[in-house]
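> Here you go, one structure.
Each value in this text was obtained by applying a stated rule to the coordinates, not by laboratory testing. None of the values given here were measured: they were computed from a predicted structure. Counting neighbours? That spans all protein chains shown, and the Cβs are built from the backbone with ideal geometry, glycine included.
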Amino acid sequence: MTRIAIALLAGALFGGGLAYSGLADPMRVQGFLDLLGDWDPTLMFVMGGALVPMAIAWRVQARAGKPWLEERFELPGTRHLDARLVIGAILFGAGWGIGGLCPGPAFANLALAPLPTLAFVIAMLVGMLLHRAITD
C-alpha cells in the first residue's frame, strides 16, 4: 500500500508540475518548438529549472545503496546509439511537434482538456501497442 501511495503522490506531483509549468499546454509547447516562427522561450526556463533538482537526484542516487521501496535502481544499461533509438527519438519529436504533447503531459492534459486530448492519447497508445507487437 505504501508503494502505491508514493506512486500516486509522485504522479500527482508530476502532473501538477506539468500543468503549472505550461508543459501540458499544446499551444505553448508548439510555440517553444517553433524556432523560426513565433518562438515562445518560456519553456526553456522550465526545462532549465529541472536541471538543478535532477543533478541533485543523480548525486543522491549515486550515494544511496538502494531505493527505499525496491531492491535496486533500474537504470539504463547502455549508452549505445542504434537505429531503433534514433528512429524512436525522431518519431517522438515529430509527435511532440505535431501534437504539442508527449506522454506525460498528454495524460496530465486529460484532466485539463479531456476531449481534445483523447484522440492524441488513443493514437499514442495504439502506437505503443504496435511497437510491442512488431518488436516482441
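> Calculate the spin-label point distance for MET27 paired with TRP58, positioning each point 7 Å from the Cα along the beta-carbon direction, and give it in nanometres.
For the pair TRP58/MET27, the computed spacing is 3.6 nm.
> If you scale each eigenvalue of the Cα gyration tensor by 5 and take the root, what three semi-axes come out for the chain, rounded to whole angstrom and sorted largest first?
Numbers: eigenvalues 139, 86, 69 Å².
Listed largest to smallest, the semi-axes of the chain are 26, 21, 19 Å.
> Looking at region 1-79, which chymotrypsin sites (Phe, Trp or Tyr not before Pro) are in a loop (DSSP not H, G, I, E or B) and have at most 13 other Cβ atoms within 10 Å?
Passing sites in region 1-79 are TRP39, TRP68, PHE73.
> Still on this structure, I have one more. For ALA89 and MET47, compute 0.36 nm times the residue count separating them, minus their Cα-Cα distance, and round to one decimal in nm.
The ALA89-MET47 span can extend by a further 13.3 nm.
> What does the net charge come to around VAL46 if you take all other residues with beta carbon closer than 15 Å to its beta carbon, with K and R at +1 and D and E at -1?
-1
> Mean-square fluctuation check for the chain, GNM, Cα pairs under 10 Å: which of ALA57, ALA24, ALA113 is largest?
Comparing ALA57, ALA24, ALA113 in the GNM, the peak value goes to ALA57.
> What residue among LEU129, GLN30, ALA94 has its Cα farthest toward the positive end of the dipole of region 2-136, where the charges are +1 on Lys, Arg and -1 on Asp, Glu, each on the Cβ?
LEU129
> Of ALA89, ALA123, ALA64, which has the largest mean-square fluctuation in a 10 Å C-alpha GNM of the chain?
The residue with the greatest mean-square fluctuation here is ALA64.
> Please report, ordered by residue number, every helix of the chain (full DSSP H runs) that is 20 Å or longer along its axis going by C-alpha atoms and whose mean Kyte-Doolittle hydropathy reaches -0.5.
Values: long enough: 2-21 (28 Å, 1.35); 42-63 (34 Å, 1.09); 83-99 (23 Å, 1.54); 114-135 (31 Å, 1.62).
Within the chain the helices that satisfy the rule are 2-21, 42-63, 83-99, 114-135.
> Sticking with this one: Hey, got the dipole for the chain? About the Cα centre, +1 on K and R Cβ, -1 on D and E Cβ, debye to the nearest 20?
500 debye
> Amide H neighbours of ASP40 under 5 Å, at least 5 residues apart or on other chains, H built in the peptide plane: list them.
PHE32, ASP34
> List the trypsin sites (Lys or Arg not before Pro) within region 45-89 that DSSP assigns to loop and that have no more than 11 neighbouring Cβ atoms inside 10 Å. Before the final figure, lay out the partial values.
On the way: sites: ARG59, ARG63, ARG72, ARG79, ARG84; in loops: ARG72, ARG79.
Qualifying residues, ordered by number: ARG72, ARG79.
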